[in-house]
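A short worksheet on the structure shown next.
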Amino acid sequence: MQQQSNIPGFTEITQTAPIANNTHGGRAKCLQRLIRLDMPVPKTLALSFDAVHAIAAGDPANTDAMINSFGDALVSVRPSSEDPDWGGPGAILNIGMNTQRHKELTQELGDAAANALYLRFIQAFAVHVARLDPDMFELPDNPTSEALQDMLHAYQDETDAEFPQDPAKQLSDVLRSMARAWEGTTARLLRQAKGAPADAGLGLIVQQMALGVGKGECGSGVIQFADDITGLPRIKGRYLSQSQGRDALTQEKGALYLTHDDRGPSLEDLCPDCFAKLKQYGEISRQRLREEMQIEFTISNNCLHILDAVRIPRRARAAVRIAVALAKDGIISREEALMRIEPRALSELLHHQIDPEGPRDVFQQGIAASPGAASGRIVFSANAAQASQARGEDCILVRRETTPEDVRGMNAAVGVLTAKGGMTSHAAVIARGLGLPCVVGAMGMEVDRRDKIITAEDGRVFKEGDVITIDGTAGQALAGTARMLEPALDGAFRQLMEWADQACDMGIRANADTPADARIARKFNAQGIGLCRTEHMFFEQERLTVMREMIFADTSEDRAEALGQLLPMQREDFVELFGIMQGKPVCIRLLDPPLHEFLPAHREGQRELAEALDLPVSDVTRRVDALREYNPMLGMRGVRLGITVPEIYDMQARAIFEATVIASKNGAPVVPEIMIPLVSATHEVDLVKTRVDAVAAAVRVEQGHDFDYRLGVMVETPRAALRAGDIAQNAAFLSFGTNDLTQMTYGMSRDDAGRFMSNYVQQGVFPEDPFHMLDTEGVGELLTIGAERGRAARKDVVLSICGEHGGNPESIAFCRSAGFDYVSCSPYRVPVARLAAAQLAVEIPDR
Ligand code: PEP
Ligand code: MG
């Protein structure tokens, strides 16, 4: 066993020293593991979180004892936070350099090496400890004696004091400055953004320097054995002779490849023994640390030292591949592989992403409404988007905000950018459904539809036809094109999803409105459709005109005629959906939006409609105006429409049942689920149920075919949640529409909240945008009340959530603990939801 130094305030890291992640940080613990694996780690002391906190508060550190324990060696200091991702102050090397040591090292190693060591220390000390202007302390290309004298003078000029010569004082200043930097507000906010608790501690590591400069082969490098972007096995890194720290990665000139490479010299050629040992250490750390590590090493006079090892920082696609490979090699369990992937990060695999290492010219920031990235030419209307698609040109649809009329344009575009809106605004919801990159709420951006220009917040002007890029993952719009990473739905992803499904104990369905959505839902293995918003089926051009005819019908005969034309189209939609879903449940929501949404908002569209319906334009304009409501989201929509104009729901119910008969004859028997939107009173359900039952009975007789169906209610008004007990009497299922429920609980428009939301969140009024992150206190209480009352009245009532929150890991946790049967979310979020639900089942097996 090694001898341990026993000096208060710090601990030498040995095989048996009491070092733990939560007292000394991840780096200290990892170094102890490397020592236990017999790797050549230079002598290292660890300062605990408490010791560093005391130093920040002004307690003197026992640096005399520390420095003495290293003899006359130079030392480095590195941060060691509990989770390496939380960051910390940068490393400082060569502490202990002073005039005396410089003289000795000049004799031992030569001028250049000694100057380089001293220069590096003065520079780091001046900038990070004395906080002097970095421009005055740039490292020279050649470490000459003049350059060294210049830097020492610059230090003296700036501080009116000589550069500190006492190694113990140098160390004490470095420790105090690092300890205080960690406690500063900026650093705290930065790490809190990465998930660190407010009181997260910092440990510090004081390590004997293996110099990396001097006689024989000397240098430093970094090596890893898996690619940080793809996760594929690959030796990656660089080595640089006569260098320190991570210089090999930052200085291209002279840096060597690690493995033999036709492009130039390599470490494998230069120092085969060291390279062979590194490979061996890589394999040992993969097996024993159960992770792919990045190892920092130094060679001093042909002798290898391991200074540090950190988990390879990685992109999501690499994280998946590495976790799956470790589990397949039996190094970690499948459950652990599942737990190692952040569910939200999966969406990075499903879409194109902007290459993080490429250039990025951001001209506008907004809300990241739908992930992925795409480049295309700017268009300002749905017509222009369709024309662009017909020419085979990718386009980005830019609007102040989108309306249902824009859906065909969104279908034709590769990305969407809107000046207004929030996470559940029209553009955001549709784009997520389509898997289309989308940025909304780009505040400060002017969209001039008439002159076809946008003026960005930073003043830049873009016109129709200019190429821009939308980054829906980061919520940014960029000028020009950008380098992209392809989606990565490979074997590792599919394997992880298979393990997730084996672990998962709640249902995951998709919100899917069209056959294309349903195919994506199937591709991602959704267990059914939890919400089919039927209104989206009416926005195709030929249907829209018939729909408008129906809305304008003066008599019930005219209305019946128009609905008669819509019926076969709807029936076809459902036959196709049922066919794709192959007997899996499909929950169809009856028409929800106010009729006004189907009418053209602009003059041009109204003129076209007048032509199609053979009416004077003034007539069309008048009728459009007559249908306008002050508060359409609280107006005649949802079940209110169904009760006021019951023929619409009759037609939809008939289309569903006729499709059920056809699909059941062709394939697996279908039991359709029909859902009534925006219910607030139980009597609404009774009225609709009576009519739907009558339509079902009629179709059974006409078709000579029996079938079952299930009628349920969307709980999206606070009253429906409170009265869920009554409502459940006549509902086989209750599906919570948390978009509207959030809107109505807060009394806050989901389309207008983008205007003030970031301000509200910044000021801490709301911890998060409640349209994005379920408000578990207020809206959540309504969900719990609704679920409890619904279940108490009807034990077998099926409970689910189908608002946009359904794909969020936090909402899934909430719904699982409230006993919900399934969640339903946009098709592209299904994998995220499957993994999140699986993690919950692994973590808390008993529901
Ligand atoms: C909801 O309100 O949560 C919902 C799913 O319906 P929509 O978004 O279509 O209003
Ligand atoms: Mg709704």
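Read-outs: derived from the displayed coordinates by stated rules, not from any lab. All values derive from a computational prediction rather than experimental measurement. Methodologically, a virtual Cβ is constructed for each residue, glycine included, from the backbone with ideal geometry; neighbour enumeration extends over all protein chains shown.
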| note | A correct Karplus calculation of ³J(HN,Hα) over the range 434-443, with 6.51 cos²θ - 1.76 cosθ + 1.60, θ = phi - 60°, whole Hz and x for Gly and Pro, returns 7, x, 9, x, 8, 10, 10, x, 7, 4
| message | Straight-line reach from LYS463: which lysines fall under 26 Å, measuring Cα to Cα and dropping same-chain residues less than 8 apart? | response | LYS420, LYS452
| Which percentage, to the nearest 5, of the DSSP beta bridges contained in the chain is antiparallel? | 65 percent
| said: As a test of the definition: which semi-axes, in Å, follow for the chain when you take the square root of five times each eigenvalue of its alpha carbon gyration tensor? Largest first, please. | reply: 62, 29, 24
| field | Positive-end residue of GLN280, LEU350, SER266, charge dipole of the range 235-388 with Cβ unit charges | value | LEU350
| message | Between 0 and 90 degrees, rounded to the nearest ten: what's the tilt of helix 603-613 against the longest Cα principal axis of the chain? | response | 40 degrees
| request: Write out the GluC sites (Glu not before Pro) in the range 139-240 meeting two conditions: DSSP loop, and at most 11 other Cβ atoms within 10 Å of their Cβ. | output: GLU162
| Taking other Cβ within 10 Å of each residue's Cβ, how do HIS305, HIS602 sort, fewest first? | HIS602, HIS305
| task | Determine the relative contact order of the chain: mean sequence separation of Cα pairs under 8 Å and six or more apart, normalised by residue count, in whole percent. | result | 9 percent
| task | Determine the sum of side-chain charges near PHE657: Lys and Arg each +1, Asp and Glu each -1, restricted to other residues whose C-beta is under 12 angstrom from that of PHE657. | result | -3
| request: Calculate, for THR185 and ARG36, the FRET efficiency according to 1/(1 + (r/R0)^6) with r their C-beta to C-beta distance and R0 41 Å; round to the nearest 0.05. | output: 0.60
| message | I need the trypsin sites (Lys or Arg not before Pro) found in the range 432-518, filtered to DSSP loop residues with at most 10 other beta carbons within 10 Å of theirs. | response | ARG450
| Charge-dipole axis of the chain as Lys and Arg at +1 and Asp and Glu at -1 on Cβ define it, positive-most pick from MET714, THR186, GLN606 | MET714
| the range 617-688: C-alpha gyration tensor shape, a/c 1.5 cut-off, then a/b vs b/c | oblate
| said: Between helix 99-109 and the chain, what is the angle of the helix's C-alpha long axis to the longest principal axis, kept within 0 to 90° and rounded to the nearest 10? | reply: 90 degrees
| Across LYS43/LYS169; LYS103/LYS169; LYS236/LYS279; LYS43/LYS215; LYS194/LYS523, pairs whose alpha-carbon gap is larger than 23 Å | LYS194/LYS523
| note | Cysteines of the chain without any disulfide-compatible partner (other Cys Cβ under 4.7 Å) are CYS30, CYS218, CYS303, CYS395, CYS438, CYS504, CYS532, CYS587, CYS802, CYS815, CYS825
| From the C-alpha gyration tensor of the range 11-208, square roots of 5λ in Å | 29, 21, 14
| Taking 0.36 nm per residue of separation and subtracting the Cα-Cα distance, what length does fully extending ASP554 through VAL761 add? | 69.7 nm
| Segment LYS194-ASP261, extension gain: residue separation times 0.36 nm, minus the distance between their alpha carbons | 20.3 nm
| message | Can you tell me which aspartates and glutamates have their Cα less than 19 Å from the Cα of LYS689? Leave out same-chain residues fewer than eight positions away. | response | ASP592, GLU647, ASP650, GLU658, GLU673, ASP706, ASP708, GLU716, ASP726, ASP796
| message | Compute the angle between helix 646-666 and the longest alpha-carbon principal axis of the chain, please, reported from 0 to 90 degrees and rounded to the nearest 10. | response | 70 degrees
| task | May I ask you to order 92-99, 655-662, 253-260 by the average number of other C-beta atoms within 10 Å around their residues, highest value first? | result | 655-662, 92-99, 253-260
| Do the sum for the chain: with -39,500 (n - 2.57) for every DSSP H run of n ≥ 4, divided by all residues, what is the mean residue ellipticity at 222 nm, to the nearest 500 deg cm²/dmol? | -13000 deg cm²/dmol
| task | Please report CYS303, CYS395, CYS218 as a ranked list, fewest other C-beta atoms within 10 angstrom at the top and most at the bottom. | result | CYS303, CYS218, CYS395
| query | Computed FRET efficiency, Cβ-Cβ of THR545 and TYR630, R0 22 Å: what is it to the nearest 0.05? | reply | 0.20
| request: Quick one: pull the percentage of alpha-carbon pairs in the range 219-314 with a separation above 22 Å. | output: 20 percent
| query | Which of the trypsin sites (Lys or Arg not before Pro) across the range 57-148 are loop residues per DSSP, with 16 or fewer other Cβ within 10 Å? | reply | ARG131
| remark: hull vol. (C-alpha, convex hull) per residue for the range 9-51, Å³ -> 54 Å³
